[in-house]
Every structure is written in C-alpha cells, then in structure tokens.
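Student: Pasting in a structure now, in structure tokens, and then I'll have a few things to ask.
No value in this document is a laboratory result; all are computed from the given coordinates. Computed from a predicted model, the values in this text were never measured in an experiment. As a convention, Cβ positions derive from the backbone with ideal geometry for all residues, glycine included, and neighbour counts pool all protein chains shown.
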C-alpha cells in the first residue's frame, strides 16, 4: 500500500528520531498489525477504500439444454468424489459445467470419469444436507494470515499478499483479464480495490502515531 502522507511524515520525523531502534521496530510492527486488521475487516465487508461496495460476483452458471448428470470422478491425487453437474457442455475430451459441490464452473476430463450414477429427481435437489448455508463472500480466504502478510522494520510498515494470493489480488485490484478455466476462456474482471487507504485509515494512522509519539 502506498499513499501520500507527506505532511504526517514531516511532522513525525523529528519525534521518530528520538526513539531507539528497538522502540521504532516495535512501533512499526504494531502499525503493520493494525493496518492488516483494518484492511482485512474492509475486505470482509466487501468494500473499496472509498466505501463503495465491490462489484458483485458474476453468476458462473452456464446456459445449456443438457440435463444434470452425476458421476464418480477420480481426481489427480487418486481420490474419487461424486460430481453433480448441471448446465454442462461437451467440449471433446472435457465436460464443462456447474459443479454443484464445488459451487462453481469446473472442467472435467472425461477419461477420469469412472462411471455415471443415477441423477436425483429434480435439478434443484442437493447431494448433501446444506440447510442454513450462507453464500460465501469474495476474497475471504485471502484475508487469512497465511496469505495476507505484514512486514516491518525500524523505518516502515507494510501489508500485502504473497504467492498465488498476490496474483489473484492483483487481477482484482487493477481489474485485469485472466483465464477462468482450463479451456482458455478469459474474463475481464471488474476493479475491486483490496488494498488502499480510506479516509478513516488516514485518520487511524494519524491517531496511532500521535498516541505513540507523545506518550
């Protein structure tokens, strides 16, 4: 994250110079912890830094006249699972459709289908009891500490994503194009600012530094 906080930096510089390295390191770590919590809380609220809501997730259901199918599918790790797929399309060696259990569009290799199973009556019937299930909000996994990291030293504090989470975050942060399945289908993702300073964040940083530097 970066923002123009030059005025605050000018005010804080002489006070920071009075602290020893251990005190500065501890303060910057606390600042990073606070920033990560604030960013995480905002992401969970599905809001951009300007308080506008994230563009809703586009429905990933495909239209097809094909009836739902159900089959036993062997995953690459050798473990089999029951797949209930609807709105599917035949793509040669693959089948692409809405995988009910995965709650999203999936592409299945036909060679991994062990055998087909009877389809429950009614396309709306679930394979498992999911009473009270709440639709998952976007980016909830990204806010977990193993993906959402913080860093600090005696001069700075920062938060951001690592690994594959960083790639996902960048696509949404900047509104980039990316592939959505193994067939090469691409989608222009709307911009959703996962990281950024809101007015409330600026005020919080200001209050944090005033409190720590004027004790």
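Student: Suppose each label sits 7 Å from its Cα in the direction of the beta carbon; what would the residue 101-residue 72 distance come out to in nanometres?
Tutor: Taking the simple label geometry, residue 101 and residue 72 are separated by 1.2 nm.
Student: No solvent, one uniform scatterer per C-alpha: report log10 I(q)/I(0) for the stretch 132-215 via the Debye equation at q = 0.15 1/Å, two decimals.
Tutor: Taken in order of the listed q values, log10 I(q)/I(0) reads -0.76.
Student: Over the alpha carbons of the stretch 28-111, what is the largest minus smallest coordinate on each principal axis, giving the biggest first in Å?
Tutor: Cα extents, longest axis first: 54, 31, 19 Å.
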